[in-house]
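Notes to accompany the following structure.
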Amino acid sequence: MRSVELPAEPAPLTLDLERTALIVVDMQNAFASPGGMLDLAGLDIGPARDVIANARMVCEAARGAGIQVVYLTIGYPPDLSTAGGPDSPNPRKELALCLMRERPELRGKLLTFGTWDFQIVEELAPLAGDVVIVKSRYSGFFGTNLDSVLRSRGVRNLLMVGIASNVCVESTLRDAYFLEYWPVMVADATMAAGPAEIQRATVYNVRTFFGWVAASEDVATALRESAGKGVE
């Protein structure tokens with residue numbers, strides 16, 4: 001077993017690297033880039049630059065340690081056929097759908113397949129061997145093959161980075177916990193949709209009730225040391 005001792009809260013966690021995957025949640029232009037959906041909605045995306053840099057560092061370390069990297073992206077076809085019909089609350093709550101309904105000039109431009117807004121940010125573009133899964137709801141486990149992809153690889157531990165920490169990251173992390181995965185939120189490689197207290201609340205929820213919280217530098221260092229030393 002290749003294992004590392006990961007500094008984390010509320011307590012250090014031993015990870016079997018053969019059973020660990022990195023989940024990159026919705027690192028799309030919509031959430032992280034000027035002119036993207038969050039920016040157009042008036043939310044502060046200032047922290048996104050640091051989040052992208054930290055997530056990239058973790059991705060590079062994970063690949064170097066032979067850990068599977070799985071990207072989640074959220075989006076819809078132009079006809080919105082997966083967005084939810086009249087009986088679904090999703091079109092009334094999901095931000096892209098709300099903005100496109102309220103602002104006609106944005107229709108077909110936000111989180112729509114084939115658009116710039118939907119694309120993963122250039123700095124975190126997937127590489128050969130990475131898995132990309134498209135979802136139409138906040139949780140990466142809902143209506144996707146994510147659980148099958150992970151279980152087929154024997155994965156039980158999840159490192160998680162992405163945006164928004166209080167929406168899609170936390171939704172996916174909670175479902176992971178319910179499905180008996182061991183989730184670790186890499187806190188400074190995530191960003192909330194909302195003010196700083198929202199990020200603090202999400203970190204508290206994860207640390208206290210649903211998993212573990214770690215820093216990107218600690219995660220990257222542990223993975224690099226494993227790759228360099230062949231920890232057994």
Task: Hey, ASP130 farther than 15 Å from ALA30 by Cβ and of a type in the set (Asp, Glu) or not - done: yes
Open item on the list: Here's a check for you: in region 173-203, which residue that is under 16 Å from the mean Cα position of the chain (by Cα) and in a loop (DSSP other than H, G, I, E, B) is surrounded by the fewest Cβ atoms within 10 Å (Cβ to Cβ)?
Closed with: ALA193
- [ ] For region 148-161, state whether one or more residues are surrounded by 19 or more Cβ atoms within 10 Å (Cβ to Cβ), under 24 Å from ASP44 (Cβ atoms) and out of contact with any Lys or Arg (no Cβ under 6 Å at 6 or more places or on another chain).
- [x] yes
Task: Contacts under 6 angstrom Cβ, first residue in region 17-42 being over 19 Å from ALA55 (Cα atoms), partner aliphatic (A, V, I, L, M) and assigned to a loop (DSSP other than H, G, I, E, B), 6 or more apart - done: ARG19/VAL155; MET37/LEU110; ASP39/ILE45
Open item on the list: Taking the condition of being assigned to a helix (DSSP H, G or I) and either more than 16 Å from the chain's Cα centre (by Cα) or more than 16 Å from LEU158 (Cβ to Cβ) (or both), how many residues in region 204-232 meet it?
Closed with: 17
TODO: Scan MET37, MET1 and give me the residue that is of a type outside the set (Lys, Arg), touching a helix residue (DSSP H, G or I) at 6+ places or on another chain (Cβ under 8 Å) and either over 24 Å from ARG174 (Cβ atoms) or surrounded by fewer than 17 Cβ atoms within 10 Å (Cβ to Cβ) (or both).
DONE: MET1
TODO: Read through the list (1) buried (at least 16 other Cβ atoms within 10 Å of the Cβ); (2) more than 30 Å from GLY42 (Cβ to Cβ); (3) not acidic (Asp, Glu), then give the number of the only condition that PHE209 fails.
DONE: (1)
- [ ] Would you mind stating whether TYR138 is more than 14 Å from ASN54 (Cβ to Cβ), part of a helix (DSSP H, G or I), of a type in the set (Phe, Trp, Tyr) and touching a residue at least 24 places away in the same chain (Cβ under 8 Å)?
- [x] no
Open item on the list: Considering only residues that are hydroxyl-bearing (Ser, Thr, Tyr) and either part of a loop (DSSP other than H, G, I, E, B) or surrounded by fewer than 16 Cβ atoms within 10 Å (Cβ to Cβ) (or both), which ones fall in region 110-131?
Closed with: THR115
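Table: residues versus (1) hydroxyl-bearing (Ser, Thr, Tyr); (2) under 23 Å from ALA215 (Cβ atoms); (3) under 13 Å from the mean Cα position of the chain (by Cα).
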| position | (1), (2), (3) |
| --- | --- |
| GLN28 | no, no, yes |
| ARG49 | no, yes, no |
| ARG56 | no, yes, yes |
| ALA65 | no, yes, no |
| TYR71 | yes, yes, yes |
| GLY85 | no, no, no |
| LEU99 | no, no, no |
Task: All positions within region 160-172 that are aliphatic (A, V, I, L, M) and either farther than 15 Å from VAL24 by Cβ or assigned to a helix (DSSP H, G or I) (or both) - done: VAL167, VAL169
Task: Close pairs (9 angstrom Cβ cut-off, 6 or more residues apart or separate chains): within 18 Å of THR20 (Cβ to Cβ) and free of Cβ contacts under 8 Å to residues at least 60 places away in the same chain in region 167-195, crowded, with 23+ Cβ neighbours inside 10 Å and of a type in the set (Lys, Arg) anywhere - done: none
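Could you check region 61-109 and list, in sequence order, the residues that are assigned to a helix (DSSP H, G or I), without any contact (Cβ under 8 Å) to a residue 24 or more places away in the chain and basic (Lys, Arg)?
Across region 61-109, the qualifying residues are ARG92, LYS93, ARG101.
Where a number appears in this text, it was derived from the coordinates with a stated rule and is not lab data. Keep in mind that this is a model prediction, so the values were computed, not measured. Cβ: placed from backbone, ideal geometry, glycine included. Neighbour counts: every protein chain shown.
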